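Worksheet: one structure, shown below.
The values are calculated or read from the model by the stated rules, or taken from the named source; none is laboratory data. Here the structure is a predicted model, which is why all the values come from computation and not from measurement. In this analysis, Cβ positions are derived from the backbone assuming ideal geometry, glycine residues included, and neighbour counts consider all displayed protein chains. These area figures cover heavy atoms from the full protein model, side chains too; ligands, DNA and RNA do not enter into them. Shrake-Rupley method; radii C 1.70, N 1.55, O 1.52, S 1.80 Å.
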Amino acid sequence: MNTPVDMSTKSTAARLAAAQVKAEALTEALPWIKTFAGATIVIKYGGNAMVSPELQQSFADDIAFLRFAGIRPVVVHGGGPQISAMLKRLGIESKFKAGQRVTTEEAAEVIRMVLSGQVNRDIVSRINQNGDAAIGLSGEDADLLLANKATAEVDGEVIDLGRVGEIAQVNTTVLTELLDAGRVPVICSIASEIGGEAGKPLNINADLAASAVAKALKAHKLIMLTDVPGLYANWPDTSSLISRIDPNKLRELLPSLDSGMIPKMTAALEAIEHGVKQAHIIDGRMAHSLLLEVFTSEGIGTMVEDTIVEPAPLGDGHQANPAEAAPTDGLNASNDSNGGRS
């Protein structure tokens, strides 16, 4: 005779096992939460992660988690898939040169409408499902992003990209005020032209816009979500994924990269060269990739860094205010090359 299975006991055991896994994940995250408490992290959001509703909500939840963990996130976004879809709908051809979208005046108006009026609103709305912290901004608001027209060089020839800009100034006062008030700035990557006509914005590559914001804020991290797992040393060999690279090696590798990766890795390199401690290229197609990169020692994707960052040790909770005892840059740095990945 078979002994009947006690389903209630089995169900309880399964629930406890699942809860224990969650507890272990939170425990692993704790040192990193301590390390980055009060830190400013700039996140570039774009690519196909913006198309899937599930990934959109996953990203929004990650941003809310960062804020509740005491981190100061700033989101800078593009909207390539949405822009391409709208331009196609309107019969306007999309062209790319040197990894950037060639932007006519007509296309610039469409890009402004899509980024500021649609994509930005959607991101803000999703983040605010976990509170009322997110504030949507255009680069044109309060002269947040000021830019000059940009050109590109392809095979030694200078290419006119149209209404494409290169950021010259970032209004950090506005951003700092919002961050100090506990807000999450969500910035779409269009800018006013320095000395240009009113109502004629410049389209900014979102990777380069995020890098400019990170540099201006002296952010601790720049994280760029993209459509690939990271940087490959020998693409398309998927076994050549680079987990960690220093600025000098990246500088050597840059000319050989695919045109689509050049703006991303240039943005990462420029950020590091201007005081941002770590820049990350991660796969935005993976749910909660942002949390995996920030709060686990293994991390995912590719990290560019000049200084090894270690997780804060546990067991020092007797300080009245641990944040006050932390280094002034909000990070605990170490020269130990075997230090944990963050």
Members of region 89-138 found to be polar (S, T, N, Q), more than 20 Å from Val174 (Cα to Cα) and open to solvent by less than 10 Å² (accessible area, probe 1.4 Å), listed by number: Thr103
Cβ pairs under 6 Å, 6+ apart, first in region 154-176 and over 20 Å from Ile194 (Cα atoms), second open to solvent by 40 Å² or more (accessible area, probe 1.4 Å) and part of a strand (DSSP E or B): Val158/Thr151; Ile159/Lys97
Close pairs from region 285-296: first at positive phi, partner not acidic (Asp, Glu), Cβ under 8 Å, at least 6 apart: His288/Ser58
Residue under evaluation Gly317, criteria (1) open to solvent by 50 Å² or more (accessible area, probe 1.4 Å); (2) modelled with pLDDT of 85 or more; (3) among the small types (Gly, Ala, Ser), criterion not met: (2)
Every residue from region 43-62 that is closer than 16 Å to Gly78 by Cβ and part of a helix (DSSP H, G or I): Gly47, Asn48, Ala49, Met50, Leu55, Gln56, Phe59
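Restricting the search to region 226-244, which residues are out of contact with any Leu (no Cβ under 7 Å at 6 or more places or on another chain) and in contact (Cβ under 8 Å) with a residue 40 or more places away in the chain? Walk me through how you get there before you give the answer.
Within region 226-244, the first condition is being out of contact with any Leu (no Cβ under 7 Å at 6 or more places or on another chain), and the residues that meet it are 226-228, 231, 233-241, 243-244.
Hits for region 226-244 are Thr226, Asp227, Val228, Leu231, Leu241, Ser243, Arg244.
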Test result for Ala134, under 24 Å from Met261 (Cα atoms) and at pLDDT 95 or above: no
Top-ranked residue of region 185-220 - restricted to ones that are in a strand (DSSP E or B) and out of contact with any Lys or Arg (no Cβ under 7 Å at 6 or more places or on another chain), ranked as most open to solvent (accessible area, probe 1.4 Å): Ser192
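For region 272-296, give me each residue that is among the acidic types (Asp, Glu) and open to solvent by less than 50 Å² (accessible area, probe 1.4 Å). Reasoning before the result, please.
Keep residues of region 272-296 that are among the acidic types (Asp, Glu), which gives 273, 283, 293.
Residues satisfying the conditions are Asp283, Glu293.
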Among residues of region 242-263, those that are modelled with pLDDT of 90 or more, closer than 17 Å to Lys215 by Cβ and surrounded by 19 or more Cβ atoms within 10 Å (Cβ to Cβ), counted: 1
Residues that are in a helix (DSSP H, G or I), in contact with a helix residue (DSSP H, G or I) (Cβ under 9 Å, 6 or more places away or on another chain) and not aliphatic (A, V, I, L, M), drawn from region 256-285: Pro263, Lys264, Thr266, Glu270, Glu273
Test: Asp180 is under 15 Å from Val74 (Cβ atoms), out of contact with any helix residue (DSSP H, G or I) (no Cβ under 8 Å at 6 or more places or on another chain) and either free of Cβ contacts under 8 Å to residues at least 40 places away in the same chain or open to solvent by less than 20 Å² (accessible area, probe 1.4 Å) (or both): yes
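Only one of these is within 16 Å of the chain's Cα centre (by Cα) and of a type outside the set (Lys, Arg): Ala214, Ala181. Name it. It would help to see each step written out before you state the result.
Values: Ala181 fails: within 16 Å of the chain's Cα centre (by Cα).
Being within 16 Å of the chain's Cα centre (by Cα) and of a type outside the set (Lys, Arg) holds for just one of Ala214, Ala181, which is Ala214.
Going residue by residue through region 239-260, is there one that turns out to be under 13 Å from the mean Cα position of the chain (by Cα) and among the hydrophobic types (A, V, I, L, M, F, W, C)?
Here is the first cut: in region 239-260, the residues under 13 Å from the mean Cα position of the chain (by Cα) are none.
No, there is no match, as no residue in region 239-260 is under 13 Å from the mean Cα position of the chain (by Cα) and among the hydrophobic types (A, V, I, L, M, F, W, C).
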Qualifying residue in region 170-177 (condition: open to solvent by less than 70 Å² (accessible area, probe 1.4 Å), more than 25 Å from Ala39 (Cβ to Cβ), modelled with pLDDT of 95 or more and assigned to a strand (DSSP E or B)): no
Residues that are open to solvent by 30 Å² or more (accessible area, probe 1.4 Å), touching a helix residue (DSSP H, G or I) at 6+ places or on another chain (Cβ under 9 Å) and free of Cβ contacts under 8 Å to residues at least 24 places away in the same chain, drawn from region 70-88: Ala85
Criterion violated by Ala64 - all others in (1) farther than 17 Å from Ile204 by Cβ; (2) surrounded by fewer than 19 Cβ atoms within 10 Å (Cβ to Cβ); (3) in contact (Cβ under 8 Å) with a residue 12 or more places away in the chain satisfied: (2)
Pairs where the first residue, in region 138-152, is in a helix (DSSP H, G or I) and the second is not hydroxyl-bearing (Ser, Thr, Tyr), C-beta under 7 Å, 6+ apart: Ala142/Asn171; Ala142/Val174; Asp143/Asn171
